[in-house]
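Below is one structure, written out as structure tokens; comments come after it.
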There are 2 protein chains.
Amino acid sequence: MELGKHYTEKVQVNHIVLLSIVPAVGLLGLGFSLYLAHSTLKNDPGSPEVSGISKAIQAGATTFMRREYQVMGVTALLFALFLALVLNVYVAFTFLIGVVCATLSGFIGMSIATRANGRVTWAARSGLSQALYVAFSGGSVMGMAVVSLGALGISGVYLLFRLLPATPDPLTVITGYSMGASFVAIFIRIGGGIFTKAADMGADLVGKVEMGIPEDDPRNAAVIADQVGDNVGDVAGLGSDLNQSYTDTIVTSLLIGAAAQTTGGLYLGEKGVIFPLLLVAMGSLVSTLGILIVRWLARKEVICPEVLLRVGLLTSGVLSLVGILLLSYFYLGELGPFYAATAGLLVGVLIGLNTEYYTYRRPLRTIILASEAGAANNIIAGLAVGLESTVFSMILLGLGMIAAHHFAGLYGISLSGLGMLSILGINLSMDAYGPIADNAGGIAQMSNQPARIREITDRLDAVGNTTAAIGKSFAASATAAAALSLLTAYSEAARIENLDIREPRVMAGLLIGGVLPALFSALVIQSVDRTAQLIVVEVRRQFRQIRGLMAGTNPPDYGRCVDIATRGALSRLVLPCLLAIGIPFVVVFTLGPEALAGLLAGCIVSGIFLALFMANAGGAWDNAKKRIEAGEAGGKGSLAHRASVIGDTVGDPLKDTAGPTLDILVQLMATVSLAFVPLFERILR
Amino acid sequence: MELGKHYTEKVQVNHIVLLSIVPAVGLLGLGFSLYLAHSTLKNDPGSPEVSGISKAIQAGATTFMRREYQVMGVTALLFALFLALVLNVYVAFTFLIGVVCATLSGFIGMSIATRANGRVTWAARSGLSQALYVAFSGGSVMGMAVVSLGALGISGVYLLFRLLPATPDPLTVITGYSMGASFVAIFIRIGGGIFTKAADMGADLVGKVEMGIPEDDPRNAAVIADQVGDNVGDVAGLGSDLNQSYTDTIVTSLLIGAAAQTTGGLYLGEKGVIFPLLLVAMGSLVSTLGILIVRWLARKEVICPEVLLRVGLLTSGVLSLVGILLLSYFYLGELGPFYAATAGLLVGVLIGLNTEYYTYRRPLRTIILASEAGAANNIIAGLAVGLESTVFSMILLGLGMIAAHHFAGLYGISLSGLGMLSILGINLSMDAYGPIADNAGGIAQMSNQPARIREITDRLDAVGNTTAAIGKSFAASATAAAALSLLTAYSEAARIENLDIREPRVMAGLLIGGVLPALFSALVIQSVDRTAQLIVVEVRRQFRQIRGLMAGTNPPDYGRCVDIATRGALSRLVLPCLLAIGIPFVVVFTLGPEALAGLLAGCIVSGIFLALFMANAGGAWDNAKKRIEAGEAGGKGSLAHRASVIGDTVGDPLKDTAGPTLDILVQLMATVSLAFVPLFERILR
């Protein structure tokens, strides 16, 4: 990692000019994101009833996020202080920049999402295309915000330390930025995840199961909390999750690109650092183009939403590949990096298709059929589908890694991650579109819109389910590439020569790391369960004590449920966060740096496996229920339907809380390990 | 591994004399096993009704096992032919010896277990102690048969090739024996596992859920199949499972003991080979003593069954430690191996206690409480308990490995497994006692015995549940030690120098290996589910078509259900078996020997994790249901009870079919990899 300030004057200028393109593109993207926000807010917020519900959701989400930011802000400042003390102030500084960028992108995305929901409901009056147009525009604010703030932040930090005299080499402090992104991700994802599923389960357990009223019924006191959850969990949470993967992938590409010997023997010099940043800028432009195409096609009203989103994804993918090819050929002068990035993109797409197959195609039949025999069979069938769904994905990840390494060495592995995430902008737009459509459906139900409106929002929601499941498997694959690169970077930084799995410390690390995802899943699931219990008690209390609530003459007190979910989520996210940050320290000081490397590897293997399993099993249960509700296996009210509701409820905390947490956990532990190598060395040697 | 026939004449004679002790002790143990069988059969088989049901179970079990042996026999002969062709006839020969020993121990154990069940029911008339005495005696037949046939077979094969001129070094062919044990294990465990849970689920789904008749009601056509399942799955299956771990542990100890440099730098020579065999002989004697003590105490009627079994286990453990200490000190002249074996035994005991905690103590409360909120919460709580239960165990396994390696190098790791399994004789006796007690309870129910009798069998059954869960976690821990040793032996044999996890092939292997347990679990769970569906259809048909069945005037056709379960199990065990044997070949020829080593490591990590998770989650659900049935959370018939029945049903295929299969899978793949190294090398180089 001997790079940075050791170039001749002439070369430096060229590099700096090229590098300046990246933050410029970042600013451009941010501008586009603001334009999209403006374009979304221009739409009619709808009747007072619709906009009122939307405002209630907005208020709940804002309250929750504000309190979460308070807790996070204080902790981040403390952690920055710790960083300044044990490492140096520069790392503390980049950490805070990372925290700010991650927080900002999530905040922008969620603010617009909570304002878009009612506008989608209202736009549905003008038809499917208009509703899709508004929902997708709302979602793409988040997509572009994450991508452009990432480009801006990382290249900004790099340029700053590159140009300012008397500061350290940018590559020695950039891991701080990465840690900032991970820090925000684990807070927002765990907090949002607990909130959303506790509210969802609490609402369903009393509403659907005990009182027999429909989902999203306004008489249910937890229904606003449930809608708030969609935003804080699925919009802000997924955004911070993918922002982390994105950041980690870029940062490890820089680190490994700077190390000469790793790129299949080829010495790239600072080109190895600039290339990934150029890729990021190119990806941002391609996503912009993709988003414009989708919006244009939606306006044209020529194709159905399922196909439309696919066309957008495909176009961006192809454009991105062309971009990587051109950059590799003309800038690097060799095609190895292009092949490596292509391998990554291909693996990502295939894993997405695999997810779609297991959560929407033939395997659903086995779950639906099993539901006819009862809840236990529904659960067992779902578990089996979930387990099976991971097989092809993990094999693909393994083979993709070998291919990427073949074409460009260790650099290739991080580039494969970058290839996968090059179209993150449009990908994330579609992910964020899902919960907006879901919210729009909820608002339609709560404000008693005509059936025609609800049909449209239901259709948008169903498409959103697909994109959400694909988004989750994409996040898991990106995590694998990022975490493997981080593991490599850590062990290079710690100058570990031998990581032979026959070494007992490495093997012990593998075993211990292999079980950590189970520990975190258990913690998070229990948190959801307990918070949901509190909400159940409150909703029951309101039905009992508020007169005229069941008759619909008096409204419930929505704020109380939001408050309970908020307090539950905030109080329960501290332990997992502390564990994720603390475990690397404990392991390195008791069992040594080799054991820590083994632990990271074990954690990657079982973390990715469990994340994929939980996402896919949860998705399959959810869709099996939807298909039964649409009329299969006896339809609503049948034994099969009751069984499928149980399966869906079981899947919820798995797919939306525990599973996504694992992606973040794996990367956070690896980032912490990498960033604290100087401290480990000082103490151990 | 250059050993065997290269000693001086004098040393050889001493070794041979010592070695001959081992088969002699094996024969003695076999004699004791036969004595125990005789002592069990001496008891009164009971009234015609009781003995008639027992005979029906016996007949069903025999039919199933005969058909399973036919399939297995033909496949084994074909595989032996394959071995003779691609490796050599000696390996094929030891393979068949391994198959015969494993089959014989399972057959003896199950024959007595299916005859002991009714005798236990009848003995319960004379009180708890007498019933316990008969059940434990019946179970110990299996325990002693496995231990002594293991000692006899392995030492016999070793001596034979050691003494016969013009034959290869015994250590080059002994892996054949190991493969034989694994081969039988995967057949019996998967076949028996599918049979038992398909029958169980089928019986419960129609009987308890649809018709509302109690468990083990004689009007249920699947009830005999269910009882047969306990024997073919839990007795023969668990026996073959632990026989495999036992065999693998011994064989790897021999292989690694023979390799000089591995034992912490100390050259042990052939002593390194003889020491594990002496340990085995000592363990057999200690188990004999332990069994005699338990029987004696049971006769004395002084302590309750829970305590009694613990006393037996504890005494044997302490005696075994003393034996290992004496052998290490006087035979090897150093204590490193003793410490390593002690570490293993301690880890095994602690993991057993951890299992007991999670499946019987405080965590059960969370499942019981969650059950009050419905089935989904019961399932989620059980999943969380199961996940959490694996954490401490995996960490212990990792630390135990480091400790064992510290005291005696790689040899220490295999010795730690041997330490764990040194008391297998008495351990397995208690495991086999469980299903006998369970069967006795079923027979009591079916033959309408007075409540007093059923109370006694229920109490014995509850104790059996504890021992079964502990036995399963013991099996998983032993698997870890055996599989790690096999992985080492494989990579040494394949002369792999570098297994660095940063190597992309190794890492890809880890990822792919890490998902194989999921693949096998999915396959096996689906097999159970589909076979259960067929049984459901048949039981429903009989209730519909046999007149007077519900009224109790006409008996159902039990044979049909046994037949359906048999056909289901046999037709569905071929694919997993083929995959387990075939995958190492595919990987080694496409991705290379390093990837195969990585695959084995990944498979160990996630295989042990999933096996522990499934065993403990399943055990916890089962016991939560039992506690609710005993009156907690509203007792039988409450909402919590219905929820807990669903949880128990979900746990069944996990804990009794998929989980145990994983132990076997991990070891079988490792054994196959090790045994076929000569073939791999011939083709690859």
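Computed from the coordinates by the stated procedures, all read-outs in this text should not be read as laboratory data. What you see is a predicted model, and the numbers here were worked out from it, not measured in a lab. Every residue, glycine as well, gets a Cβ built from its backbone with ideal geometry; the counts of neighbours run over all protein chains shown.
Averaging the sequence gap over all C-alpha pairs within less than 8 Å and six or more residues apart, then dividing by the number of residues, gives chain B a relative contact order of 21 percent.
Looking at segment B:471-572, the GluC sites (Glu not before Pro) that sit in a DSSP loop and have at most 16 other Cβ atoms within 10 Å of their own Cβ are B:497. Starting from the label point of residue A:167 at 7 Å along Cα→Cβ, the same points in the other copies fall at 7.6 nm, in ascending order. Look at the Cα gyration tensor of segment B:92-237: its axes a ≥ b ≥ c give a/c of at least 1.5 with a/b at or below b/c, and that counts as oblate. Taking θ as phi - 60° and the Karplus parameters 6.51, -1.76 and 1.60, the scalar couplings of segment B:148-154 work out to 6, 5, x, 4, 4, x, 5 Hz in sequence order, x denoting glycine and proline. Straight-line cross-link partners of residue B:625 among the lysines, defined as a Cα under 18 Å from its Cα and at least 8 positions apart when in the same chain: B:197, B:208, B:636, B:655. Working from the Cα coordinates of segment A:248-386, the gyration tensor eigenvalues give, after taking √(5λ), semi-axes of 39, 23, 11 Å in decreasing order.
Between copies, the label points at residue A:39 (set 7 angstrom from Cα along Cα-to-Cβ) are spaced 8.5 nm, reported in nanometres from shortest to longest.
Only helical runs count toward this figure. For the protein assembly as shown, summing -39,500 (n - 2.57) over DSSP H runs of n ≥ 4 and dividing by all residues gives -29000 deg cm²/dmol at 222 nm. The mean number of Cβ atoms from other chains found within 10 Å of a Cβ in peptide A:391-397 is 5, as a whole number.
Tell me the trypsin sites (Lys or Arg not before Pro) within segment B:511-550 that lie in a loop according to DSSP and have at most 14 other beta-carbon atoms within 10 Å.
Loop-located and lightly packed - B:547.
In order along segment A:415-420, the phi-based Karplus estimate (6.51 cos²θ - 1.76 cosθ + 1.60, θ = phi - 60°) of 3J(HN,Hα) comes to 5, 5, x, 5, x, 4 Hz; Gly and Pro are listed as x. From the backbone phi of segment A:14-22, what are the Karplus-calculated ³J(HN,Hα) couplings (6.51 cos²θ - 1.76 cosθ + 1.60, θ = phi - 60°) in whole Hz, Gly and Pro given as x? Each residue of segment A:14-22 in turn: 4, 4, 5, 4, 4, 4, 5, 4, 5 Hz. Taking the dipole about the Cα centre of the protein assembly as shown, with the C-beta of Lys and Arg at +1 and of Asp and Glu at -1, give me whichever of A:589, B:535, A:462 is farthest to the positive side. Value: B:535. Seen from residue B:531, the other residues with C-beta closer than 10 Å to its C-beta sum to a net charge of +3, counting Lys and Arg as +1 and Asp and Glu as -1. Label point of residue B:16 (7 Å along Cα→beta-carbon): distances to the other copies' equivalent points are 8.6 nm, sorted ascending. Each principal axis of segment A:9-684 carries a Cα extent, and these read 76, 54, 46 Å when sorted largest first. Measuring r between the beta carbons of residue B:574 and residue A:540 and using R0 = 45 Å, the FRET efficiency lands at 0.30.
Determine the dipole magnitude for chain B: charges of +1 sit on the beta-carbon of Lys and Arg, -1 on that of Asp and Glu, nothing else is charged, the reference point is the Cα centre, and the result goes in debye to the nearest 20.
880 debye
Which shape class applies to the protein assembly as shown: rounded if a/c is under 1.5, otherwise prolate when a/b exceeds b/c and oblate if not, where a ≥ b ≥ c are the square roots of the Cα gyration tensor eigenvalues? Oblate shape, in that a/c is at least 1.5 and b/c is the bigger or equal ratio.
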